[in-house]
């Protein structure tokens, strides 16, 4: 037994009671950005069957900066320690990084499934998260790219009318915009973080449609592929604000496989072939320590004290109700610290009761 094994102690909640992270863990779950290096230097080479050879990116290729969404989701303060994070979560996220595999995250609503993507992006300094919100009408094509054929025809007609029947055809790239899914697979030095949110809302075909993309790491843009002889390189718009990308020969092929986080509320089963290509992680309802850390990251009152009593009450109620969304706790703490309501006011218990009702109608 090693010295680490002798010193390590596992608490009843399954978390280690001291810092004993394995050396191979790159992601630590705290959301604190790594310093003095980047993920490309920390990660080993991918397995041969998960290696991709997209066009080499530019030397100065860096992900676009976060647009403020990470702070909105995670809070401004870094209050989560490694002892607040489930070791199984750290194992699975790091395995997904090493193996270049998508991560399917399940759990009750409000347990922080989507937040995981933002914590990964902030900690590993991977920039803005590409979020693809799935609905019952979402198709693979809508996530990859869109082509505004009508807009191009109208632009050509306007140009010809202004020039008396003559005019150059407008560049086709001006009318192609990559979706979050397509943008994530652009060749880059560092992987992008792609959040596919609420996959279980999709049509039954979507998980199977994703299989080829996850295996091949590339896809064609048919409208550009047809013109590749005349226009081998086309500049198109991406899902990142004010950013463009060059598409060569009508095909996009990744170089660094994106960090894919897919969330599901467990409302449906997925095909075995899809599950086989993913790593699976279930996030349980947060316990008292985790809730305190979440509240501390978002809300601190004027005296720097957190509403411990609200956290305790919420934890007890959540257990009794079978799980409540964490953002309902944040709502209550905000109301308590904003001055709009005070816990000792007679209306306070009624407000908390309304905020903390179960999501299902009884």
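Would you mind stating whether residue 119 is at pLDDT below 95, surrounded by fewer than 18 Cβ atoms within 10 Å (Cβ to Cβ), in the same structural domain as residue 238 (by TED's automatic domain parsing) and over 15 Å from residue 199 (Cα atoms)? Here the answer is no, as residue 119 does not meet what is asked.
Every condition in (1) surrounded by fewer than 13 Cβ atoms within 10 Å (Cβ to Cβ); (2) modelled with pLDDT of 70 or more; (3) assigned to a helix (DSSP H, G or I) is met by residue 274 except one, and the failing one is (1). In the range 98-108, what residues are in contact with a helix residue (DSSP H, G or I) (Cβ under 8 Å, 6 or more places away or on another chain) and either at negative phi or at pLDDT 95 or above (or both)? Within the range 98-108, 99, 100, 101, 102, 103, 104, 105, 106 qualify. Among the conditions (1) in a helix (DSSP H, G or I); (2) modelled with pLDDT under 90, the only one that residue 111 does not satisfy is (1).
Set side by side, the residues 104, 124, 74, 90 differ, and just one is surrounded by 14 or more Cβ atoms within 10 Å (Cβ to Cβ) and under 14 Å from residue 196 (Cα atoms), which is 104.
Closer than 25 Å to residue 114 by Cβ, out of contact with any strand residue (DSSP E or B) (no Cβ under 6 Å at 6 or more places or on another chain) and modelled with pLDDT under 95: which single residue out of 240, 205 fits that description? Checking each option against the conditions leaves just 205. In the range 47-61, which residues are at pLDDT 85 or above and under 21 Å from the mean Cα position of the chain (by Cα)? 50 - this is the single residue of the range 47-61 that is at pLDDT 85 or above and under 21 Å from the mean Cα position of the chain (by Cα). If you filter the range 124-138 down to residues that are part of a loop (DSSP other than H, G, I, E, B) and touching a strand residue (DSSP E or B) at 6+ places or on another chain (Cβ under 9 Å), you find that the one that is nearest to residue 29 (Cα to Cα) is 124.
Looking at this structure, is residue 134 within 15 Å of the chain's Cα centre (by Cα) and more than 30 Å from residue 45 (Cα to Cα)? Yes, satisfied.
Note on the range 31-68: residues that are surrounded by 14 or more Cβ atoms within 10 Å (Cβ to Cβ) and assigned to a helix (DSSP H, G or I) total 2.
The values are calculated or read from the model by the stated rules, or taken from the named source; none is laboratory data. Just so we're clear, the structure is a prediction, and the values are computed from it rather than from any experiment. Note: ideal-geometry Cβ built from the backbone for every residue, glycine included; neighbour counts use all protein chains shown.
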